[in-house]
Every structure is written in C-alpha cells, then in structure tokens.
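**Student:** Encoded as structure tokens, here's the structure I'll be asking about.
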Amino acid sequence: MSINRDFFTIDQVGYSFSGGDKILSGIDWHIPSGSFHCLVGRSGCGKTTLLKLAAGLLLPSEGQIHIEAAPVAGPSQKIGFVFQNPALLDWLSVMDNVLLPISLHRKVNETDRQSAHELLHLVGIADLADRFPAQLSGGQQSRTALARALITSPPALLMDEPFAALDAITREELQDDLLDLVASRDTTVLFVTHDIAEAVYLGDRVAMMDKGRISLNIEIDIQRPRSAACRYGKQFSDICQTIRSAMSRQVVK
Ligand SMILES: Nc1ncnc2c1ncn2[C@@H]1O[C@H](COP(=O)(O)OP(=O)(O)OP(=O)(O)O)[C@@H](O)[C@H]1O
Ligand SMILES: [Mg+2]
C-alpha cells in the first residue's frame, strides 16, 4: 500500500481552446499529497493552462484529471489559487480581501476573523489588516494574496508565478515563508515559475514544459529544511544548470 497517496493525478491530458490548435498534449503527472512540485517553461508553452485544468477552471479535451481519486468536473473547493497578479479588490481592506473566499459563500464570523488575523500574522503583515491594497507594497500585496488562498485551509495550493514582480530579497523571504507555511499544514503545492533557481529551491520535483508537453521531470534531492546556504552549493547549481541547458535546447514557438 502506498503511504503517500497522489493528490493530483493527471493522465494523458490534452487541451485545445474551442477548436483551435492543441495547447497541451500527453501530460502525465502524479503529485503526491503533501509534496511541492514546480513547473518551469518558456512563455506561452501552456503552464497556466495546465494549472487551470488542475484547478477545474478548464476541463481537459483529452485524458483525465483526478483530485484525491475523484474525477475533476469543475472548480474544486480543495484548492487555493494564487494568481500572478495578486488580484486584490481595491475597495476592501487587507482583512476583508483575505476573508473574501468565505464572504462570497456565507456571513463571516468571529472565528473566521481570528483565523484571518493568524494568517496575516504568519505571512508577516498583521499590522496592515486595516489598510487598502493601494497602500501596500508589491510584496505586501503578494502576502495578502497568499493569506487569502489559505483562509479556507485548502489541502492544495496552485500558484502561478506569484512572486514574479518582486525584488530578489523579498522574493527569497516569501519563498522561505511559503515553505514554512505549507510544511506546517502539509499542503500539496503546484507552483509555476519562470525562475529556475526558485523552482529548485522550493520543489521536491521540478518539471519542465516544452510546447505543451512535459519534457523533463526531476527529483530535487536537496535536504529539507532548505536554507539560504543551499542556494550557493554545488548540488544546487548543478541541478539549475541541468534544467537551464534543457530549456535552452528548446525551440521558441
Ligand atoms: N483563452 C485562450 N484562447 C486561445 N488561446 C489561448 C487562450 N489562453 C491562452 N491561449 C494560448 O495558449 C498557449 C498557452 O498559454 P498559457 O497561458 O498556458 O502559457 P504560459 O506557459 O502560462 O505562458 P506565460 O509564461 O507567458 O504565462 C499560448 O499560446 C496562448 O496564446
Ligand atoms: Mg502563464
């Protein structure tokens, strides 16, 4: 019996937008519960499309996706989605943005507010709860979006280049905060990034997409917990180099 069941099971998935060209083909990917998988690939290769399929926001044209062995037939409540653009509502405070996934379904209660406060504390912006998005830096907006994705305690997070707009130091801080958060909650993560070093630092595995196909999927055998020091080790740079070489061999569409 397998100890670590798969959370996402993606079998022979293909996708075309309403009769157009095939965007994805023959995707096979199993993501065990509690693991952190990253996806890299050139712009336009189909990463966001695959994330939307995994979330049930799109349905496959071919093949099947299962979440915890149940076929995905629509948006799943088991998933928190973090978009590249933090997509906060300007007219809501940080606290109310975080509570949005709850307030869309029912009346927010004191327990929800307490949970939102704890999450804001965990992502390091508890003192900004009453501010509005226009009064936040990019990093603070990303932290708010992360807290919002976690407020319903989803067992899985799908993240689409969530830190792309941030400076290197803020990005590294957020990577560490994210790793701590998901480790403490045993969250399954599928994380899309353009940044190879980010993928290697975060992931248990890194997959690479090339023109709608997974062309590489490697285990990142670097000890956890990961720390700043590992970014400068030979093992880390060798893995980054392997992925970079594979990516530079790709032909741009
Ligand atoms: N709604 C749509 N209708 C038709 N084609 C689309 C649609 N959305 C995306 N595409 C096309 O599908 C392909 C894959 O898009 P996708 O957004 O998945 O790429 P990506 O790998 O996430 O790129 P990036 O790194 O730039 O975000 C692209 O060629 C894109 O033009
Ligand atoms: Mg994308």
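**Student:** Would you mind counting up the charge near Ala246? Only other residues with Cβ under 12 Å from its Cβ, with Lys and Arg at +1 and Asp and Glu at -1.
**Tutor:** +2
**Student:** Using the count of nearby Cβ atoms within 10 Å as a rough guide to exposure, how do Cys240, Cys38, Cys230 rank from fewest to most?
**Tutor:** Least crowded to most crowded, the residues run Cys230, Cys240, Cys38.
**Student:** Rounded to whole Å and sorted largest first, list the principal axis extents of the Cα atoms in the chain.
**Tutor:** Largest to smallest, the principal-axis extents are 49, 44, 42 Å.
**Student:** To the nearest whole percent, what portion of all C-alpha pairs in the range 168-245 is separated by more than 17 angstrom?
**Tutor:** Cα-Cα pairs in the range 168-245 separated by more than 17 Å: 44 percent.
**Student:** Something else: What's the exposure ranking of Met95, Met159, going from fewest to most Cβ atoms within 10 Å?
**Tutor:** Arranged by neighbour count, lowest to highest, Met95, Met159 become Met95, Met159.
**Student:** Please report the projected area of the range 85-153's Cα convex hull averaged over all directions, in nm².
**Tutor:** 4.2 nm²
**Student:** With label points built 7 Å along Cα→Cβ from the Cα atoms of Trp91 and Arg249, find their separation and express it in nm.
**Tutor:** A separation of 5.4 nm, rounded to one decimal place.
**Student:** Label-point separation (nm) for Glu62 and Gln241, each offset 7 Å from Cα along Cα-to-Cβ?
**Tutor:** The modelled label-to-label distance comes out at 3.7 nm.
**Student:** What is the gain in length, in nm to one decimal, between Asp176 and Ser18 on full extension, counting 0.36 nm per residue of separation less the C-alpha to C-alpha distance?
**Tutor:** Going from the current span to full extension adds 52.9 nm.
**Student:** To the nearest 20 debye, what charge dipole does the range 85-153 have about its Cα centre, counting +1 at the Cβ of each Lys and Arg and -1 at the Cβ of each Asp and Glu?
**Tutor:** 160 debye
**Student:** Where nothing but the Cβ of Lys and Arg (+1) and of Asp and Glu (-1) is charged, how large is the charge dipole of the range 97-253 around its Cα centre, in debye to the nearest 20?
**Tutor:** Approximately 520 debye in magnitude.
**Student:** If I fit a long axis through the Cα atoms of helix 168-185 and take the longest principal axis of the Cα atoms of the chain, what angle between them do I get, 0 to 90°, rounded to 10?
**Tutor:** 90 degrees
**Student:** If I fit a long axis through the Cα atoms of helix 94-103 and take the longest principal axis of the Cα atoms of the chain, what angle between them do I get, 0 to 90°, rounded to 10?
**Tutor:** 70 degrees
Any read-out appearing in this document is the output of simple, stated calculations on the displayed coordinates, not a laboratory observation. Since the structure is predicted, the reported quantities are computational estimates derived from the model, not experimental observations. Because the Cβ atoms are built from the backbone with ideal geometry, glycine has one as well, and the counts that use them run over all protein chains shown.
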